[in-house]
Structures are given as structure tokens and as C-alpha cells.
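> This is the structure, below, for whatever I ask next.
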Amino acid sequence: MAATGKRDRELLRSPCDVEEEDELRLERIKEEIDRGFDALRDVEDGVSIFGSARVQEGHRWYELCRETAACLAGHGFAVITGGGPGLMEAANRGASEAGGLSVGLNIELPREQRTNPYVNRSLHFHYFFARKLMFVRYARAFVIFPMRSAPTSARRRVCSASWTLRTQSARESRADCEARGSDKRGPRHHVFSS
């Protein structure tokens, strides 16, 4: 109980108690964003794919996600995920097997999430907002598979950023990718375009 009390006091201390750490924190944020920009600078046509970390190989959503990512990679799109297990792994796997760029944007979590073996460009983040910036900045489109444990607000933020689908090549290749897995029992398929 003593450890919890100490953590609570640390969390609740006033901002002036940590003011001297602000410069260090700002420098760390800048370095993290710069590192992301440098690593992804060559990604012109990326598609960010989101989905549950709990869906495993053999599930129809895993296979659909894998096929979708392979289709996107086959049309020249880089696939960007959170780099973890489940549907993120399926997307990275599909892109990697199709010979495309498979990006994993991993985050430091209390229960460490390992980068899946199908990521061929991996970045690690401490700050969630720096990671979200990379998902949005380098994406021309978003594919959102079921996220069993994701908060509704996370889905809303992704959907509100969907206007970034702005390349003609994305519109041309979407028909081929959309046709996959279109049964009525599967996930809903929405295509956002400008």
C-alpha cells in the first residue's frame, strides 16, 4: 500500500514541483518526433490499419486483415500498424509477404508489447501523441478493423482524421481491396475519400 500512496502523491503534485523537468521533457518529445519523421520520411503512400490485438491467426478477421494489407502492398502502399499482435500482426504479415513496406509504431506500455516478427521498419514511442502523429501524417487512408478493447474515442479520432485519403492511386486501388471479405457477417467496410 505504501508504494501506491507514493505513486499517488507523485502523480498529484502540483505542476510547479516538476517545472524544472519541462525543458528535459520538451527535448525528449522533440527527439521522439524527429526520430519518427526521419524514419518515415520516404513513406509517401501509407495506409494506417487499426484492429484488435486479441484476434489470432485462423480467425476470419485475421485472414481478412492479412489479405487487405497484401492487396494494399501490392498496389504500392506502405502498411502502418501499432506493431503488436493480433490484427496488427496480420496487417504487417500481409504487407511483408507481398513484398511491401510493413511499419510498426510500438508504444511503451506497463505490460510490454513486443513488436511482431512481420514488421520490417520498427519505431518505439514513449508519448502517445507522437505515435498518433505518425499514424496520421504518413497515411493516405485508414482501415479500421474491429477493436474489442479500444475506447470509442480512439475510433472517433481515427474516423475524424479520415479526410486525409487524398491520392488518386488510393481511390483506384480501393475497389480491388474492397471486394475482399465482403460477406454481411464480417466487419463493416467503409471507404473515406476526399
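> How big is the convex hull of the Cα atoms of the stretch 8-109, per residue, in Å³?
In the stretch 8-109, the Cα convex hull volume per residue is 111 Å³.
> Shifting gears a bit: Want the number for E44 to E67: 0.36 nm per residue separation, take away the alpha-carbon distance, what's left? Mind dumping the intermediate values first?
Numbers: separation 23, 0.36 × 23 = 8.28 nm, distance 2.15 nm.
Length difference between fully extended and current span is 6.1 nm.
> Mind ordering 24-33, 44-53 by average Cβ neighbours within 10 Å, highest first?
44-53, 24-33
> For the stretch 77-117, what's the relative contact order in percent, using C-alpha pairs closer than 8 Å and at least 6 residues apart?
48
> Grab the alpha carbons of the stretch 62-153, take their convex hull, and tell me the volume per residue in Å³.
It comes to 97 Å³ per residue, whole-number rounded.
> Dividing the Cα convex hull volume of the stretch 95-147 by residue count, how many Å³ per residue is that?
Details: hull volume 5.8 nm³, N = 53.
With only Cα atoms used, the stretch 95-147 gives 109 Å³ per residue.
> Here's another thing I want to ask about it. Report the calculated FRET efficiency for R35 and E57 (r = Cβ-Cβ distance, R0 = 22 Å), to the nearest 0.05.
0.10
> So, one more: Please identify every one of the GluC sites (Glu not before Pro) in the stretch 76-116 that sits in a loop by DSSP and has no more than 10 other beta carbons within 10 Å of its own beta carbon.
Within the stretch 76-116, the qualifying GluC sites (Glu not before Pro) (loop, at most 10 other Cβ atoms within 10 Å) are E112.
Every read-out reported here was derived from the displayed coordinates using simple, explicitly stated rules and does not represent laboratory data. Predicted model, so just to flag it, every value in this text is computed and none were measured. Don't worry about glycine lacking a Cβ; one is built from the backbone with ideal geometry, like all the others, and counts go over all protein chains shown.
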